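See structure below.
The values are calculated or read from the model by the stated rules, or taken from the named source; none is laboratory data. Please read these numbers as outputs of a predicted model, since none were measured by experiment. All Cβ positions, glycine included, derive from the backbone under ideal geometry; neighbour counts span all protein chains shown. Ligands, DNA and RNA are excluded from the accessible area calculation, which covers all protein heavy atoms including side chains. Shrake-Rupley method; radii C 1.70, N 1.55, O 1.52, S 1.80 Å.
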Amino acid sequence: MLKISKNWELTAYQLKMIALISMLLDHVARIFLPHLYILKMVGRLAFVLYSFLLVEGFVHSKNLKQYFIRLLVFAVLSEIPFDLAFYGTWLEASHQNVFFSLSAGLLSLFVVSSKKLASDLKVLYVVGLVTLCNILRFDYYYLGVFQVLCFYAYRSSVVKKFLTVGILNVFYMFRISIQSVAVVGFLPIYLYNGKEGKKTGLLYYTYYPLHLLIYWVIRRFLI
């Protein structure tokens, strides 16, 4: 593989910032500027980066139970801001926020890495998680599980990792769509040096519901 200059290397902190900015621009387009296609394209990078960072968190976390609980708590806390920002209502059952998708992805990692579960049970549980994502309409549907599993299963192989995740995104929902642009996210991932960098604390989590609440206030009262 190509040797990367240290000047181009990225830490986990920098990947998180790229993901947050990408998500912010995507939501600006979806809520305020639906015809500004370029922002939606930039926004496709966010989830592929979140999924990759989820796997890194799973591998390096000292307390996986706490990690999962944190994701699930923010999934619940983010649902009303998510529904208000995108649907203008307090509760909308047709679409759930991305923290639920990431929680399902993390659960799938617990399953496949378990030494107590037989292989057939692992397959059954993963199929159940994917079905749950689709039925409850988690953001990105089945991609929240499969993309995370690919990043984990092929963590040591750049080619296999990018090939599998690339196919999932290019043919997302069984058609070629704007989601294909997510493969651009492979570049910052390739530049990742495996180091944490600056700590984000809870900023990485609270940013999501807070920016959605701000967008709702702007949409509801200022426009």
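Hand me the trypsin sites (Lys or Arg not before Pro) from region 121-217 located in a DSSP loop with no more than 10 other Cβ atoms within 10 Å, in residue order please.
Of the trypsin sites (Lys or Arg not before Pro), the ones in loops of region 121-217 whose Cβ has at most 10 other Cβ atoms within 10 Å are R175, K199.
Put a dot 7 Å past each Cα toward the Cβ at R219 and Y87; how far apart are the dots in nm?
Simple spin-label model gives 1.2 nm for this pair.
Quick check: pseudo-label points 7 Å beyond the Cα along Cα→Cβ at T11 and V127, how many nm apart are they?
4.4
Between region 88-106 and region 193-208, what is the separation of their alpha carbon centroids in Å?
21
Provide the per-residue ³J(HN,Hα) series for region 98-108, in order, calculated from phi with Karplus coefficients 6.51, -1.76, 1.60 and θ = phi - 60°, each as a whole number of Hz, with x at glycine and proline positions.
5, 5, 5, 5, 5, 5, 5, x, 5, 4, 5
Could you give the dipole magnitude of the chain about its Cα centre, charging the beta-carbon of Lys and Arg +1 and that of Asp and Glu -1, in debye to the nearest 20?
So the magnitude is around 560 debye.
Kindly report the accessible area of the chain per residue (heavy atoms of protein chains, probe 1.4 Å, no ligands, DNA or RNA), in Å².
54
How many times 2.2 N^0.38 Å is the alpha carbon radius of gyration of region 18-59?
My calculation over the Cα atoms of region 18-59 gives 1.28.
Would you kindly state the longest site-free stretch of the chain, with sites defined as GluC sites (Glu not before Pro) in a DSSP loop (not H, G, I, E, B) surrounded by at most 14 other Cβ atoms within 10 Å?
10-195
Dipole size in debye (nearest 20) for region 70-139 around its Cα centre, Lys and Arg Cβ +1, Asp and Glu Cβ -1?
420
Give me the percent relative contact order of region 1-107, please, defined on Cα pairs under 8 angstrom at least 6 residues apart.
Taking the mean separation of contacting Cα pairs over the length of region 1-107, I get 22 percent.
What is the magnitude of the charge dipole of region 119-223 about its Cα centre, with +1 placed on the Cβ of each Lys and Arg, -1 on the Cβ of each Asp and Glu, and no other charges, expressed in debye to the nearest 20?
Here the size comes out at about 200 debye.
Once you put a point 7 Å from the Cα of T200 and another 7 Å from the Cα of K62, both along the Cβ direction, what distance in nm separates them?
Inter-label distance under the simple model: 2.0 nm.
Which percent of the accessible area of region 1-97 is formed by carbon and sulfur heavy atoms (probe 1.4 angstrom)?
66
Could you pull out every one of the lysines with an alpha carbon less than 25 Å from that of K62, ignoring same-chain neighbours closer than 8 positions?
Hits, sequence-local ones excluded: K16, K115, K116, K122, K161, K195, K198, K199.
What number comes out for the charge environment of N97, summing +1 per Lys or Arg and -1 per Asp or Glu over other residues with Cβ under 9 Å away? Before the final figure, lay out the partial values.
Numbers: positive: none; negative: E79, D83, D139.
After counting each charged neighbour, the total is -3.
Compute the FRET efficiency between I178 and S114 as 1/(1 + (r/R0)^6), taking r as their Cβ-Cβ distance and R0 = 35 Å, and round to the nearest 0.05.
Computed FRET efficiency for I178 and S114 comes out at 0.45.
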